[in-house]
Amino acid sequence: MTTKPIGMFPDQQPEQLDQCRRCMLWEAATQAVPGIGPHRAPLMMVGEQPGDQEDLQGKPFVGPAGALLDNALREAGVKRSQVYVTNAVKHFKWEPRGKRRMHKTPAQREVDACHYWIERELAEHDPRVIVALGATALKSVLQKSTVKLQASMGEAIEHDGRLVIATFHPSYALRAPDAETRDSAFRAIVEALRQAHRLIDKHSK
Ligand code: URA
């Protein structure tokens, strides 16, 4: 296995995602998980970080949160094959609990370190509309660590010539303690996707 030392000067950092050493998360992860979707898709969805399944399979949103997202996309009438799907952080951050690897929220410095890759994806695909799934994604996309998810939902936020729509992370709709909260979170995700779809039509170049 090739390893590159961390602590390199930023301009000496690897250009290949699977070689990234911008933070330490690579060490405990199986692999970096790149975004996936068609080149220059008008809609980009950004999640937080890969989960257990995504880490193993090397693709974003292929585990339980991905299944919920697929349902939401179906209800909103958006085809996943037309969306570029990625994460704010590209390596799975976890801690052991018994035999399981439990998700750990990435630290702001890890989100910041990984922003290099989101920038590259934005430059390459140039989406019109971005759906930020959860607070970590929203902070990363807007480059503002103080932004609040709840206060940002429901409006399309103009940022760097694109529109950003914030909604809940699918894991919240999956794991909230009561059925009513889970259902209303799911509805909010569907509505955010519908809104994104409408905006793409309106703002297509
Ligand atoms: N949660 C995320 O934020 N991203 C994934 O890819 C999977 C789960």
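The values are calculated or read from the model by the stated rules, or taken from the named source; none is laboratory data. Fair warning: this is a prediction, and the values are worked out from it, not measured in the lab. With ideal geometry, Cβ positions are generated from the backbone for all residues, glycine too; neighbour counts draw on all protein chains shown. Areas reflect the complete protein model, heavy atoms only, side chains present, ligands, DNA and RNA absent. Shrake-Rupley method; radii C 1.70, N 1.55, O 1.52, S 1.80 Å.
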* For the stretch 101-205, taking Cα atoms only, what is the radius of gyration to one decimal and the Dmax to the nearest whole Å? -> 14.3, 43
* To do: Be a star and scan the stretch 68-106 for residues whose amide nitrogen sits under 12 Å from the point 7 Å along the Cα-to-Cβ vector of Leu56.
  => 100-101
* Grab the other residues whose beta carbon is less than 11 angstrom from that of Ala176, score K and R as +1, D and E as -1, and report the net. => -1
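Once every DSSP H run of n ≥ 4 in the chain is given -39500 (n - 2.57) and the sum is divided by its residues, what mean residue ellipticity at 222 nm do you get, rounded to the nearest 500 deg cm²/dmol? Provide the component values of the computation, followed by the final result.
Working: 7 runs with 80 residues, N = 205.
Result for the chain: -12000 deg cm²/dmol, rounded to the nearest 500.
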* Asked: Where in the stretch 161-188 does the amide nitrogen come within less than 16 Å of the point 7 Å from the Cα of Asn71, taken along Cα to Cβ?
  -> 168-188
* Asked: Normalised by the number of residues in the stretch 25-165, what is the relative contact order in percent for Cα pairs under 8 Å and 6+ residues apart?
  -> 29 percent
* Structure fact -> Kirkwood Rh over alpha-carbon pairs of the chain plugged into Stokes-Einstein at 37 °C, 0.692 mPa s gives a D in µm²/s of 190 µm²/s
* **Surrounding net charge for Leu122, when Lys and Arg each add one and Asp and Glu each subtract one, Cβ distance under 14 Å** => -1
* Asked: What is the magnitude of the charge dipole of the chain about its Cα centre, with +1 placed on the Cβ of each Lys and Arg, -1 on the Cβ of each Asp and Glu, and no other charges, expressed in debye to the nearest 20?
  -> 200 debye
* To the nearest 10 square angstrom, what accessible area does Tyr172 show with a 1.4 Å probe? -> 100 Å²
* Which far-off residues, 5 or more places away or on another chain, put their amide H under 5 Å from the one on Trp94, with H placed in the peptide plane? -> Lys104
* Asked: With the radius of gyration and the Kirkwood radius both derived from the Cα set of the stretch 50-132, what is their ratio Rg to Rh?
  -> 0.99
* Nearest 5 is fine: what % of DSSP beta bridges in the chain come out antiparallel, could you say? => 40 percent
* Structure fact -> For the stretch 149-205, the Kirkwood Rh over every pair of distinct alpha carbons, in Å, works out to 12.2 Å
* What angle, in degrees between 0 and 90 and rounded to the nearest 10, separates the Cα long axis of helix 179-203 from the longest principal axis of the Cα atoms of the chain? -> 80 degrees
